[in-house]
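The values are calculated or read from the model by the stated rules, or taken from the named source; none is laboratory data. This is a predicted model, so every value here is computed, not measured. Using ideal geometry, Cβ is built from the backbone for each residue, glycine included, and neighbour counts are taken over all protein chains shown. Calculation scope for accessible area: heavy atoms of the full protein, side chains included, ligands and nucleic acids excluded. Shrake-Rupley method; radii C 1.70, N 1.55, O 1.52, S 1.80 Å.
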Amino acid sequence: MRIRASVAVIGGALALSALAAPAAQADGGFGDTKITKVVVDGDNKVSIGTSGAVTIKVSVTATDNSGVKGAQPFDLFGPDNGIETTGKPTCAVVDATTSTCTASVKIDPRVDYLTNKNAGTWYVSAWVDGKDDDFVQKDKAGSFWFQRAAKLTANASPEPVKKGRTVTVTGALTRANWESLKYGGYGSQSVKLQYRKKGSSTYTTLKTVKADSKGNLKTTTTATADGYYRFSFAGNSSTAAVSATGDYVDVQ
């Protein structure tokens, strides 16, 4: 039988933090139906800030020798929380034996009960039916990162500066707090200082620095030519990647 995460509704809002994570189930099925690919939001990363609804799109590709008949709504679940996609997935035929079934669900941090502990690795549970009554159910058909959105700033000074002199770059790394609906410092994280020469479209990494306990950044480099300085954070399972807007420095 299909195991589906229940969704608690409070005043029209999805109470994600109140959900119990589905118990691990043995994968099941009958016949030759197989799930071959699962993609969430194109890159298996979902970033949610403190305002504005985010639509999560889930695509599951499956095969069966008779063709794919359809799929049940997909379950998305992480530690102590879960949610089901809205409505029955729409399946697009790839060829005689393969189809990609797509569904989505909307999450709004202003009304849905997210907690910061919800961030991390989530999984997609999927059930797909073949046209010959074969089927497959996979509890963890795919995974993705459910991330807190991040912001990063950079300010390079002095401006202008003489060639060979020191340029000081300061900034701050912050991330969404889903409980307060504000951004707060993300401390002790490694961040790259990058430089892009005027006229170029490519940033190169000069060094890696670590933010202090409050997310503040400060480092120095040597001025060589007119260009842009920025900080860049690679991200992790709980926090989205982000790069600051480059700050231009005129070197004389």
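How large is the charge dipole for the range 166-252, taken about the Cα centre, if only the Cβ atoms of Lys, Arg (+1) and Asp, Glu (-1) carry charge, to the nearest 20 debye? Provide the component values of the computation, followed by the final result.
On the way: 11 positive and 5 negative charges, 28 e Å.
Using Cβ point charges on Lys, Arg, Asp and Glu, the range 166-252 gives about 140 debye.
Can you give me the C-alpha center-to-center distance between the range 193-238 and the range 119-164, rounded to a whole angstrom?
Computed from Cα coordinates, the inter-centre distance equals 23 Å.
Rounding to the nearest 20 debye, state how big the charge dipole of the chain is about its Cα centre with +1 on each Lys and Arg Cβ and -1 on each Asp and Glu Cβ. Please list the in-between numbers first.
Values: 30 positive and 22 negative charges, 297 e Å.
So the dipole magnitude of the chain works out to roughly 1420 debye.
With every protein chain present, what is the per residue accessible area of the range 92-152 (1.4 Å probe, Å²)? Write down the numbers at each step before the final one.
Values: 2600 Å² over 61 residues.
Value for the range 92-152: 43 Å² per residue.
For the range 71-206, which semi-axes, largest first and in whole Å, follow from the square roots of 5 times the eigenvalues of its Cα gyration tensor? Could you put the intermediate results ahead of the total?
Values: eigenvalues 399, 93, 28 Å².
Result for the range 71-206: semi-axes of 45, 22, 12 Å.
Considering Cα pairs under 8 angstrom that are at least six residues apart, work out the relative contact order of the chain and quote it in whole percent. The partial results should precede the final answer.
Values: 721 pairs, mean separation 47.4, N = 252.
Relative contact order, the chain: 19 percent.
Looking at ALA149, THR220, VAL124, which one has the Cα that reaches farthest to the positive end of the dipole of the chain (charges on Cβ: Lys, Arg +1; Asp, Glu -1)?
THR220
If N is the number of residues in the chain, what value comes out of its Cα radius of gyration divided by 2.2 N^0.38 Å?
Details: Rg = 23.0 Å, N = 252, 2.2 N^0.38 = 18.0 Å.
So the Cα radius of gyration is 1.28 times the expected 2.2 N^0.38 Å.
Mind scanning LYS69/LYS117; LYS162/LYS192; LYS88/LYS182; LYS57/LYS210; LYS57/LYS182 and naming the pairs with a C-alpha gap bigger than 27 Å?
Details: LYS69/LYS117 37 Å; LYS162/LYS192 24 Å; LYS88/LYS182 35 Å; LYS57/LYS210 34 Å; LYS57/LYS182 25 Å.
Over 27 Å Cα-Cα: LYS69/LYS117; LYS88/LYS182; LYS57/LYS210.
Can you pull the percent of the chain's accessible area that's carbon plus sulfur, 1.4 Å probe, other chains left in place? Provide the component values of the computation, followed by the final result.
Numbers: 5840 of 12210 Å².
Using a 1.4 Å probe with all protein chains present, the chain comes out at 48 percent carbon and sulfur.
Using just the alpha carbons, could you tell me how many Å³ per residue the convex hull of the range 150-242 encloses? All intermediate terms of the calculation are to be shown ahead of the outcome.
Details: hull volume 9.1 nm³, N = 93.
Dividing the Cα hull volume of the range 150-242 by its residue count gives 98 Å³.
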